[in-house]
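The structure under discussion appears below in the form of structure tokens.
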Amino acid sequence: MSMNTFGHLFRFTTWGESHGPALGATVDGCPPGVPLDALMLQNWLDKRRPGQNKNMTQRQEPDAVRILSGVFDGVTTGTPIQLMIENTDQRSKDYGDIAQTFRPGHADITYHQKYGLRDYRGGGRSSARETAARVAAGGVARAAIHALAPQMQIKGYMVQMGAKTIDRSRFDWDAIDQNDFWCPDAAVAPEWEDYLQAIRKDQNSVGAIIEVVARGVPAGIGAPIYAKLDTDLAAAMMSINAVKGVEIGEGMAAAALTGRDNADEIFMSNEGVPVYSSNHSGGILGGISTGQDIVVRFAVKPTSSILSPRQSIRIDGTPTEVVTKGRHDPCVGIRAVPVGEAMMACVILDHILLDRGQTGGARGKIG
């Protein structure tokens, strides 16, 4: 089993390598009749596309997506949707020096230990280039969500770069799309840019924390025990390249709270629906959505490809010094934001479909 497929009812399989002719995704389980075209998907891919500014890798890929199947007369047919993105700016020669060498922090050594071979050109299948296919699949999920739950919104942003964090008292949703870092604190964005450029000039890299929020998610999606909504969200975010930690709601900080502090008190609103005093749970209780914002954070490690010399070994076991050439992000967290949004969309849609299949949308009456 190669484990290249994600999801239950809404499923996608990604394929392709960083320096192959193309990569893409096969999406299965999308409901029929959903309006969809390539321009709708391109909108999301352009958020992730490399080479857009000096704070990203300078690899120039248009990431133009083609829909090869599953859409007719502008709507989905219910059959598999094949998406393809051609690679146009590969420089495989940049990786010739490491064909027999394991780069520290990369999956080179583990791929070799498991399979006995690896595609050393940009990391092959282990490259973050694979996430372009996820964003395309996420675009399909967003289109279906818009058709089924048009009130829902999914938004991601960076809350930390290295040791530098946002000031949540200045949180501004409108600022997120106005800077290179998807940062909701406009005041710190220039400081982050100076910081990142200094990191780049020092031939180094830095990590980040991304937060993704889904608003307008109906109460009641998810399932107890082994199909919890937060279980699948954690798996989705952890599957993204370079992610080393995931939190739901209060996350690790909940360990420092008391029960009185952490419990989200429940009241009835004037409209006759439950409302909560807070959202420490991140919008999920017992694996099932509460109707509040679903809040997920994930931590991305520093880019392992840096020009600073690092010690390693060759395939024959001899020691060597590694300098990773090529074009790389000084902070992969920037382009991980649209990937996190895409994975959130895929999980939310999957659980909406699962709920429709199990309960038909029926809900317990309150009040």
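Here are a few things to note about the model shown:
- Summed over the range 337-367, the residues that are open to solvent by 10 Å² or more (accessible area, probe 1.4 Å) and touching a helix residue (DSSP H, G or I) at 6+ places or on another chain (Cβ under 9 Å) give a count of 5.
- Residue check, residue 129 of a type outside the set (Gly, Ala, Ser) and within 18 Å of the chain's Cα centre (by Cα): yes
- Candidates are the residues of the range 5-40 that are in a helix (DSSP H, G or I) and free of Cβ contacts under 8 Å to residues at least 60 places away in the same chain; the one that is least open to solvent (accessible area, probe 1.4 Å) is 38.
- Taking the range 300-322 as the range and being of a type in the set (D, E, K, R) and part of a loop (DSSP other than H, G, I, E, B) as the test, the residues that pass are 301, 316.
- Filtered by the rule that a residue be touching a Phe, Trp or Tyr at 6+ places or on another chain (Cβ under 7 Å) and under 30 Å from residue 125 (Cβ atoms), the range 241-268 gives 243, 245, 246.
- For the range 58-67, the condition holds for at least one residue, the condition being that it is within 30 Å of residue 193 (Cα to Cα), basic (Lys, Arg), open to solvent by less than 50 Å² (accessible area, probe 1.4 Å) and at pLDDT below 85.
- Checking each residue in the range 212-227 for being within 19 Å of the chain's Cα centre (by Cα) and open to solvent by 20 Å² or more (accessible area, probe 1.4 Å) picks out only 215.
- Candidate set from the range 322-335 (those that are open to solvent by less than 10 Å² (accessible area, probe 1.4 Å) and closer than 18 Å to residue 48 by Cβ); member that is modelled with the lowest pLDDT: 330
- Matching residues in the range 166-198 - criterion: being without any contact (Cβ under 8 Å) to a residue 24 or more places away in the chain, outside any helix (DSSP H, G or I), of a type outside the set (Gly, Ala, Ser) and surrounded by fewer than 18 Cβ atoms within 10 Å (Cβ to Cβ): 167, 171, 172
The values are calculated or read from the model by the stated rules, or taken from the named source; none is laboratory data. The shown structure was predicted, so the numbers you read here are calculated from the model rather than taken from an experiment. No Cβ is skipped: glycine too gets one built from the backbone with ideal geometry, and neighbour counts run over all protein chains shown. For accessibility, only protein heavy atoms count, side chains too; no ligands or nucleic acids. Shrake-Rupley method; radii C 1.70, N 1.55, O 1.52, S 1.80 Å.
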